[in-house]
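Since the structure comes first, as structure tokens, the remarks are kept for the end.
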Amino acid sequence: MKQDFPEVIKEVYVGRTYKGKKIRGYIFFKGGNSQRSFKSQVKARPGIFINGAHHPRELTSISMNVYIMLKLLHATVQKKPILSDLISKKVSIFFVPVVNQDGYEEIARHFTATGKLIYIRKNRHDISRGLARCTGANQDIGVDLNRNYDYKFRGEGSSNDPCAVETHGPYPFSEPET
């Protein structure tokens with residue numbers, strides 16, 4: 001997409017995963033003042049952030065990101081006013097289709113080897129550091145990224161247990177993906 005629509009899409013890297021892989025994102029932005037830097041123009045507009053695969057087992061979230069990106073591009077090419085004007089005049093839209101790249105790649109590797117899906121929810125950071133022996137497959141390793149933000153950290157629905165699927169991590173934003 002970015003090769004076909006360089007005037008609309010900019011690829012950016014928003015960080016790295018626990019295992020050091022780049023987290024790729026895309027900025028949809030069109031128009032603006034050529035005298036100002038791209039970064040300052042993007043910052044000057046309100047932003048919309050759309051992401052997928054916090055839990056890599058939720059594969060449909062990746063497809064939905066790509067679908068929305070394609071709908072915006074189609075609207076821009078077809079000059080459909082509501083969506084076209086949205087990225088031309090009103091907002092910057094940020095997409096990160098796969099937040100949890102490490103978990104996603106683990107699912108893909110396992111599927112390629114066995115033909116079966118594994119349902120990984122967490123990133124691949126083994127926070128137990130040998131303190132706890134998680135039973136079951138390596139799906140138990142890691143931090144639930146949705147529980148790793150500062151808002152209501154350690155709140156209802158999260159766990160201190162490093163083997164629990166809803167482990168929040170040692171402290172807010174402890175994981176590079178968040």
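Worth pointing out:
- Nearest 10 degrees, 0 to 90: helix 60-77 Cα axis against the chain principal axis: 0 degrees
- Unsatisfied cross-links (Cα-Cα over 29 Å) in the set Lys19/Lys116; Lys19/Lys90; Lys21/Lys80; Lys21/Lys90: Lys19/Lys90; Lys21/Lys80; Lys21/Lys90
- Taken about its Cα centre, the chain carries a charge dipole of roughly 700 debye when the Cβ of each Lys and Arg holds +1 and the Cβ of each Asp and Glu holds -1.
- Stokes-Einstein D (µm²/s) once Rh is taken as the Kirkwood radius of the chain over alpha-carbon pairs, at 37 °C in 0.692 mPa s: 184 µm²/s
- Tilt relative to the chain, helix 101-114 - C-alpha long axis, 0 to 90 degrees, to 10: 70 degrees
- Since only Gln78, Ser37, Tyr18 are under comparison, the one whose Cα sits farthest along the positive direction of the charge dipole of the stretch 9-96, derived from C-beta charges on Lys, Arg, Asp and Glu, is Ser37.
- Lys, Arg +1 and Asp, Glu -1 on Cβ, resulting dipole of the stretch 1-49 about Cα centre, debye, nearest 20: 320 debye
- Beta bridges by DSSP in the chain, antiparallel share as percent, to the nearest 5: 60 percent
- Across the cross-link table entries Lys2/Lys30; Lys30/Lys79; Lys10/Lys43; Lys39/Lys89; Lys43/Lys71, which are compared at the Cα atoms, the separations over 20 Å belong to Lys43/Lys71.
- 18 Å tail of the calculated P(r), the stretch 9-96, as % of Cα pairs: 48 percent
- Per-residue ellipticity at 222 nm from helix content only, as computed over the chain with -39500 (n - 2.57) for each DSSP H run of at least four residues, stands at -7500 deg cm²/dmol.
Readers should treat all values here as calculations from the given coordinates under stated rules, not as data from a laboratory. All figures in this text were calculated on a predicted structure; none of them were measured in a lab. All Cβ positions, even for glycine, are placed from backbone atoms using ideal geometry, and neighbour counts span all protein chains on display.
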